[in-house]
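K.L.:
I am attaching a structure below and will ask some questions about it afterwards.
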Ligand code: AMP
(Lines give C-alpha, C1' and ligand atoms only; values in the text may rest on other atoms or scores of the structure.)
Protein backbone atom coordinates (compact mmCIF):
# COMPACT_ATOMS: atom_id res chain seq x y z
CA UNK A 1 0.00 0.00 0.00
CA UNK A 2 1.30 3.46 -0.89
CA UNK A 3 2.13 5.64 2.09
CA UNK A 4 -0.05 8.75 1.95
CA UNK A 5 2.00 11.06 4.13
CA UNK A 6 5.54 12.29 4.46
CA UNK A 7 7.13 12.90 7.80
CA UNK A 8 8.54 16.25 6.69
CA UNK A 9 7.27 18.67 4.06
CA UNK A 10 9.53 21.57 3.10
CA UNK A 11 8.60 24.69 1.17
CA UNK A 12 10.84 27.62 0.34
CA UNK A 13 12.90 29.17 -2.41
CA UNK A 14 15.04 27.06 -4.73
CA UNK A 15 17.29 29.59 -6.33
CA UNK A 16 20.39 30.97 -7.92
CA UNK A 17 22.55 33.02 -5.57
CA UNK A 18 25.54 35.28 -6.21
CA UNK A 19 27.56 35.93 -3.08
CA UNK A 20 30.29 38.36 -2.13
CA UNK A 21 32.27 37.91 1.06
CA UNK A 22 35.60 39.39 2.16
CA UNK A 23 37.12 36.08 0.95
CA UNK A 24 35.76 35.99 -2.56
CA UNK A 25 32.88 36.19 -4.91
CA UNK A 26 30.74 33.64 -6.74
CA UNK A 27 28.85 33.77 -10.02
CA UNK A 28 25.40 32.24 -9.94
CA UNK A 29 25.48 29.17 -7.73
CA UNK A 30 22.71 26.97 -6.42
CA UNK A 31 20.99 28.25 -3.33
CA UNK A 32 17.57 28.95 -1.95
CA UNK A 33 16.11 28.37 1.48
CA UNK A 34 14.44 25.05 0.63
CA UNK A 35 17.62 23.69 -0.96
CA UNK A 36 19.61 24.21 2.24
CA UNK A 37 16.75 22.95 4.42
CA UNK A 38 16.30 19.72 2.45
CA UNK A 39 20.03 18.98 2.31
CA UNK A 40 20.39 19.56 6.03
CA UNK A 41 17.26 17.63 7.07
CA UNK A 42 18.36 14.70 4.91
CA UNK A 43 21.00 13.85 7.56
CA UNK A 44 18.11 12.85 9.84
CA UNK A 45 15.28 11.63 7.65
CA UNK A 46 14.83 10.39 4.12
CA UNK A 47 11.10 11.04 4.35
CA UNK A 48 11.07 14.55 2.91
CA UNK A 49 8.73 16.18 0.42
CA UNK A 50 9.45 19.46 -1.37
CA UNK A 51 6.97 22.05 -2.63
CA UNK A 52 8.73 24.78 -4.61
CA UNK A 53 9.12 26.35 -8.04
CA UNK A 54 12.03 26.92 -10.43
CA UNK A 55 12.37 28.19 -13.99
CA UNK A 56 13.55 26.23 -17.00
CA UNK A 57 17.07 27.57 -16.36
CA UNK A 58 17.49 25.45 -13.22
CA UNK A 59 19.97 22.60 -13.77
CA UNK A 60 18.41 19.15 -13.70
CA UNK A 61 21.55 17.76 -12.01
CA UNK A 62 20.77 19.75 -8.85
CA UNK A 63 17.23 18.46 -8.75
CA UNK A 64 18.85 15.03 -9.07
CA UNK A 65 21.05 15.74 -6.03
CA UNK A 66 17.95 16.44 -3.93
CA UNK A 67 16.34 13.25 -5.20
CA UNK A 68 19.43 11.27 -4.26
CA UNK A 69 19.03 12.62 -0.74
CA UNK A 70 15.58 11.05 -0.57
CA UNK A 71 13.62 14.22 -1.32
CA UNK A 72 10.30 13.63 -3.08
CA UNK A 73 10.22 16.37 -5.72
CA UNK A 74 6.63 15.71 -6.83
CA UNK A 75 5.69 19.21 -5.63
CA UNK A 76 8.54 21.00 -7.45
CA UNK A 77 7.13 22.94 -10.40
CA UNK A 78 9.41 23.70 -13.35
CA UNK A 79 8.07 26.73 -15.27
CA UNK A 80 8.96 26.62 -18.95
CA UNK A 81 9.98 29.96 -20.44
CA UNK A 82 10.56 31.49 -16.97
CA UNK A 83 13.57 32.24 -14.81
CA UNK A 84 14.37 30.91 -11.35
CA UNK A 85 14.43 33.14 -8.28
CA UNK A 86 17.73 35.03 -8.04
CA UNK A 87 19.25 36.58 -4.94
CA UNK A 88 22.54 38.34 -4.49
CA UNK A 89 24.09 39.45 -1.22
CA UNK A 90 27.27 40.96 0.17
CA UNK A 91 28.71 40.29 3.61
CA UNK A 92 30.55 42.89 5.65
CA UNK A 93 33.90 42.25 7.29
CA UNK A 94 32.45 40.84 10.52
CA UNK A 95 30.48 38.26 8.41
CA UNK A 96 27.56 38.67 10.81
CA UNK A 97 25.77 41.32 8.79
CA UNK A 98 25.00 41.46 5.11
CA UNK A 99 23.17 43.54 2.58
CA UNK A 100 20.92 42.25 -0.15
CA UNK A 101 22.11 43.52 -3.53
CA UNK A 102 19.48 41.95 -5.79
CA UNK A 103 16.19 40.10 -5.27
CA UNK A 104 14.64 38.97 -8.55
CA UNK A 105 11.48 37.05 -7.67
CA UNK A 106 10.95 35.73 -11.22
CA UNK A 107 8.95 32.45 -10.84
CA UNK A 108 8.33 33.22 -7.16
CA UNK A 109 6.32 36.30 -8.09
CA UNK A 110 3.38 34.18 -9.30
CA UNK A 111 4.00 30.96 -7.38
CA UNK A 112 0.82 28.99 -6.74
CA UNK A 113 1.98 26.02 -4.65
CA UNK A 114 0.53 22.63 -5.46
CA UNK A 115 0.78 19.98 -2.77
CA UNK A 116 0.54 16.50 -4.32
CA UNK A 117 -1.85 14.17 -2.49
CA UNK A 118 0.97 11.87 -1.31
CA UNK A 119 2.57 14.87 0.45
CA UNK A 120 -0.47 16.57 1.95
CA UNK A 121 -0.44 14.97 5.40
CA UNK A 122 3.07 15.65 6.71
CA UNK A 123 3.81 15.20 10.39
CA UNK A 124 6.20 18.15 10.24
CA UNK A 125 6.02 21.23 8.04
CA UNK A 126 8.96 23.55 7.44
CA UNK A 127 7.91 26.85 5.91
CA UNK A 128 11.21 28.11 4.53
CA UNK A 129 11.76 31.67 3.44
CA UNK A 130 9.12 32.61 0.87
CA UNK A 131 6.23 35.06 0.48
CA UNK A 132 4.19 34.69 3.69
CA UNK A 133 0.97 34.43 1.64
CA UNK A 134 2.42 31.35 -0.10
CA UNK A 135 3.43 29.90 3.27
CA UNK A 136 -0.14 30.24 4.59
CA UNK A 137 -1.61 28.91 1.32
CA UNK A 138 0.39 25.71 1.76
CA UNK A 139 -0.94 25.27 5.31
CA UNK A 140 -4.47 25.67 3.91
CA UNK A 141 -3.83 23.04 1.22
CA UNK A 142 -2.84 20.28 3.62
CA UNK A 143 -5.33 17.53 4.43
CA UNK A 144 -4.61 17.82 8.17
CA UNK A 145 -2.66 20.08 10.48
CA UNK A 146 0.91 18.82 11.00
CA UNK A 147 2.15 17.96 14.47
CA UNK A 148 4.53 20.92 14.25
CA UNK A 149 4.83 23.89 11.89
CA UNK A 150 8.13 25.78 11.84
CA UNK A 151 8.43 29.02 9.88
CA UNK A 152 11.39 31.07 8.75
CA UNK A 153 11.21 34.52 7.22
CA UNK A 154 13.35 37.59 6.58
CA UNK A 155 13.36 41.40 6.55
CA UNK A 156 12.46 41.50 2.84
CA UNK A 157 8.95 40.19 3.64
CA UNK A 158 8.60 42.49 6.66
CA UNK A 159 9.25 45.40 4.33
CA UNK A 160 6.80 44.44 1.59
CA UNK A 161 4.24 42.03 3.10
CA UNK A 162 3.95 42.71 6.83
CA UNK A 163 0.20 42.06 7.09
CA UNK A 164 0.52 38.70 5.31
CA UNK A 165 3.45 37.86 7.55
CA UNK A 166 1.46 38.62 10.71
CA UNK A 167 -1.39 36.49 9.39
CA UNK A 168 0.92 33.51 8.76
CA UNK A 169 2.54 33.93 12.17
CA UNK A 170 -0.82 33.14 13.78
CA UNK A 171 -0.77 29.68 12.17
CA UNK A 172 2.66 28.42 13.18
CA UNK A 173 4.22 26.81 16.26
CA UNK A 174 7.86 27.86 15.92
CA UNK A 175 9.40 30.93 14.27
CA UNK A 176 13.10 31.13 13.46
CA UNK A 177 14.41 34.61 12.79
CA UNK A 178 17.70 36.47 13.21
CA UNK A 179 18.28 39.12 15.86
CA UNK A 180 18.10 42.10 13.48
CA UNK A 181 14.82 40.82 12.05
CA UNK A 182 13.41 40.15 15.54
CA UNK A 183 14.11 43.79 16.39
CA UNK A 184 12.51 44.99 13.16
CA UNK A 185 9.40 42.84 13.62
CA UNK A 186 8.85 43.78 17.26
CA UNK A 187 10.16 47.36 17.34
CA UNK A 188 12.09 46.38 20.50
CA UNK A 189 15.87 46.44 20.91
CA UNK A 190 15.92 44.09 23.90
CA UNK A 191 15.64 40.55 22.58
CA UNK A 192 13.74 39.49 25.71
CA UNK A 193 11.07 42.12 25.04
CA UNK A 194 11.17 41.36 21.31
CA UNK A 195 10.62 37.67 22.03
CA UNK A 196 7.62 38.41 24.24
CA UNK A 197 6.01 40.59 21.56
CA UNK A 198 6.69 38.15 18.72
CA UNK A 199 5.36 35.18 20.68
CA UNK A 200 2.19 37.18 21.32
CA UNK A 201 1.78 37.32 17.51
CA UNK A 202 1.31 33.54 17.32
CA UNK A 203 4.29 31.17 17.60
CA UNK A 204 4.59 29.48 21.00
CA UNK A 205 8.27 28.90 20.39
CA UNK A 206 10.70 31.47 19.04
CA UNK A 207 14.29 30.86 17.99
CA UNK A 208 16.41 33.97 17.57
CA UNK A 209 19.57 33.27 15.56
CA UNK A 210 22.58 35.39 16.39
CA UNK A 211 25.07 34.23 13.78
CA UNK A 212 28.46 33.55 15.33
CA UNK A 213 26.90 34.14 18.75
CA UNK A 214 24.58 31.15 18.58
CA UNK A 215 20.83 30.80 18.94
CA UNK A 216 18.27 31.40 21.69
CA UNK A 217 15.05 29.43 22.16
CA UNK A 218 12.17 31.16 23.95
CA UNK A 219 9.15 29.24 25.28
CA UNK A 220 6.80 30.52 28.00
CA UNK A 221 9.09 31.91 30.69
CA UNK A 222 11.95 29.61 29.73
CA UNK A 223 15.00 30.52 27.72
CA UNK A 224 17.65 28.19 26.31
CA UNK A 225 20.89 29.38 24.74
CA UNK A 226 23.10 27.37 22.38
CA UNK A 227 26.43 28.85 21.32
CA UNK A 228 27.72 28.68 17.77
CA UNK A 229 30.75 26.56 17.00
CA UNK A 230 33.94 28.56 17.26
CA UNK A 231 35.43 28.16 13.81
CA UNK A 232 38.84 29.19 12.62
CA UNK A 233 37.44 30.24 9.28
CA UNK A 234 34.00 31.38 8.26
CA UNK A 235 33.93 31.51 4.51
CA UNK A 236 30.32 32.20 3.56
CA UNK A 237 27.38 32.44 5.98
CA UNK A 238 24.74 32.15 3.22
CA UNK A 239 22.24 29.46 4.03
CA UNK A 240 23.42 29.02 7.61
CA UNK A 241 19.97 29.96 8.92
CA UNK A 242 18.23 27.54 6.57
CA UNK A 243 20.72 24.77 7.28
CA UNK A 244 20.08 25.37 10.99
CA UNK A 245 16.32 25.15 10.42
CA UNK A 246 16.68 21.97 8.33
CA UNK A 247 18.78 20.28 11.01
CA UNK A 248 16.39 21.46 13.72
CA UNK A 249 13.22 20.13 12.11
CA UNK A 250 14.97 17.10 10.63
CA UNK A 251 16.06 16.00 14.09
CA UNK A 252 12.54 16.58 15.47
CA UNK A 253 11.06 14.60 12.57
CA UNK A 254 13.50 11.76 13.16
CA UNK A 255 12.76 11.54 16.88
CA UNK A 256 9.06 12.44 16.66
CA UNK A 257 9.38 14.28 19.97
CA UNK A 258 8.35 17.95 20.08
CA UNK A 259 8.95 18.58 23.78
CA UNK A 260 10.90 21.67 24.86
CA UNK A 261 13.79 19.44 25.98
CA UNK A 262 14.00 17.74 22.61
CA UNK A 263 13.92 21.13 20.89
CA UNK A 264 17.05 21.99 22.87
CA UNK A 265 18.74 18.93 21.39
CA UNK A 266 17.45 19.80 17.92
CA UNK A 267 19.06 23.24 18.24
CA UNK A 268 22.42 21.57 18.84
CA UNK A 269 22.06 19.45 15.72
CA UNK A 270 20.88 22.43 13.67
CA UNK A 271 23.83 24.49 14.89
CA UNK A 272 26.28 21.69 14.12
CA UNK A 273 25.05 21.47 10.54
CA UNK A 274 25.11 25.25 10.14
CA UNK A 275 28.74 25.24 11.26
CA UNK A 276 29.61 22.97 8.32
CA UNK A 277 27.66 25.18 5.93
CA UNK A 278 29.65 28.36 6.62
CA UNK A 279 33.04 26.72 6.05
CA UNK A 280 32.68 26.80 2.25
CA UNK A 281 30.73 28.74 -0.38
CA UNK A 282 27.07 27.93 -0.93
CA UNK A 283 25.86 24.38 -0.38
CA UNK A 284 29.27 22.79 -1.12
CA UNK A 285 30.10 21.72 2.42
CA UNK A 286 26.73 20.23 3.31
CA UNK A 287 26.33 18.07 0.23
CA UNK A 288 28.19 15.15 1.70
CA UNK A 289 29.03 15.40 5.39
CA UNK A 290 30.70 12.34 6.82
CA UNK A 291 28.33 11.01 9.53
CA UNK A 292 31.32 10.53 11.85
CA UNK A 293 32.34 14.16 11.41
CA UNK A 294 28.80 15.24 12.27
CA UNK A 295 28.79 13.20 15.47
CA UNK A 296 32.21 14.61 16.42
CA UNK A 297 31.03 18.15 15.85
CA UNK A 298 27.94 17.69 17.99
CA UNK A 299 30.17 16.28 20.75
CA UNK A 300 32.47 19.30 20.45
CA UNK A 301 29.45 21.53 20.81
CA UNK A 302 28.44 19.78 23.98
CA UNK A 303 31.94 20.17 25.39
CA UNK A 304 31.95 23.85 24.47
CA UNK A 305 29.31 24.83 26.98
CA UNK A 306 28.61 21.90 29.27
CA UNK A 307 29.82 21.75 32.85
CA UNK A 308 28.67 19.79 35.88
CA UNK A 309 28.20 22.31 38.67
CA UNK A 310 29.18 21.06 42.14
CA UNK A 311 27.77 22.91 45.19
P1 LIG B 1 20.04 32.52 4.94
O2 LIG B 1 21.48 32.89 4.69
O3 LIG B 1 19.89 31.26 5.71
O4 LIG B 1 19.24 33.64 5.49
O5 LIG B 1 19.37 32.20 3.53
C6 LIG B 1 19.96 32.48 2.30
C7 LIG B 1 19.08 31.94 1.19
O8 LIG B 1 17.82 32.62 1.20
C9 LIG B 1 19.69 32.17 -0.16
O10 LIG B 1 20.05 30.93 -0.74
C11 LIG B 1 18.61 32.89 -0.98
O12 LIG B 1 18.37 32.31 -2.23
C13 LIG B 1 17.37 32.82 -0.11
N14 LIG B 1 16.62 34.07 -0.12
C15 LIG B 1 17.11 35.34 -0.06
N16 LIG B 1 16.10 36.24 -0.11
C17 LIG B 1 14.94 35.53 -0.21
C18 LIG B 1 13.55 35.89 -0.30
N19 LIG B 1 13.15 37.15 -0.31
N20 LIG B 1 12.64 34.87 -0.38
C21 LIG B 1 13.03 33.59 -0.37
N22 LIG B 1 14.32 33.20 -0.29
C23 LIG B 1 15.27 34.14 -0.22
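K.L.:
Among (1) closer than 21 Å to residue 49 by Cα; (2) within 12 Å of the ligand (Cβ to nearest atom), there is one condition residue 254 misses while meeting the rest; what is its number?
P.N.:
Among (1) closer than 21 Å to residue 49 by Cα; (2) within 12 Å of the ligand (Cβ to nearest atom), the lone unmet condition for residue 254 is (2).
K.L.:
Go through the residues of the stretch 187-210 one by one and say whether even a single one is part of a strand (DSSP E or B), more than 19 Å from the chain's Cα centre (by Cα), modelled with pLDDT of 95 or more and closer than 18 Å to residue 173 by Cα.
P.N.:
no
K.L.:
Right, next: Name the one entry in 295, 289 that is in a loop (DSSP other than H, G, I, E, B) and more than 15 Å from the ligand (Cβ to nearest atom).
P.N.:
289
K.L.:
For the stretch 129-152, name all the residues that are within 13 Å of the ligand (Cβ to nearest atom), touching a helix residue (DSSP H, G or I) at 6+ places or on another chain (Cβ under 6 Å) and more than 23 Å from residue 255 (Cα to Cα).
P.N.:
Once the filter is applied, which keeps residues that are within 13 Å of the ligand (Cβ to nearest atom), touching a helix residue (DSSP H, G or I) at 6+ places or on another chain (Cβ under 6 Å) and more than 23 Å from residue 255 (Cα to Cα), the stretch 129-152 yields 129, 132, 133, 135.
K.L.:
Scan the stretch 211-241 residue by residue and report those that are within 15 Å of the ligand (Cβ to nearest atom) and not in a loop (DSSP other than H, G, I, E, B).
P.N.:
211, 212, 215, 240, 241, listed by residue number.
K.L.:
Which one is nearest to residue 151 (Cα to Cα), of the residues in the stretch 19-49 that are assigned to a strand (DSSP E or B) and within 11 Å of the ligand (Cβ to nearest atom)?
P.N.:
The extreme case among them is 31.
K.L.:
Out of 294, 231, report the one residue that is surrounded by 15 or more Cβ atoms within 10 Å (Cβ to Cβ) and either at pLDDT 95 or above or closer than 28 Å to residue 91 by Cα (or both).
P.N.:
None of the others qualify; the one that does is 294.
K.L.:
Confirm whether residue 109 is within 14 Å of the ligand (Cβ to nearest atom), over 15 Å from residue 33 (Cβ atoms) and without any contact (Cβ under 8 Å) to a residue 24 or more places away in the chain.
P.N.:
yes
The values are calculated or read from the model by the stated rules, or taken from the named source; none is laboratory data. None of the values given here were measured: they were computed from a predicted structure. With ideal geometry, Cβ positions are generated from the backbone for all residues, glycine too; neighbour counts draw on all protein chains shown.
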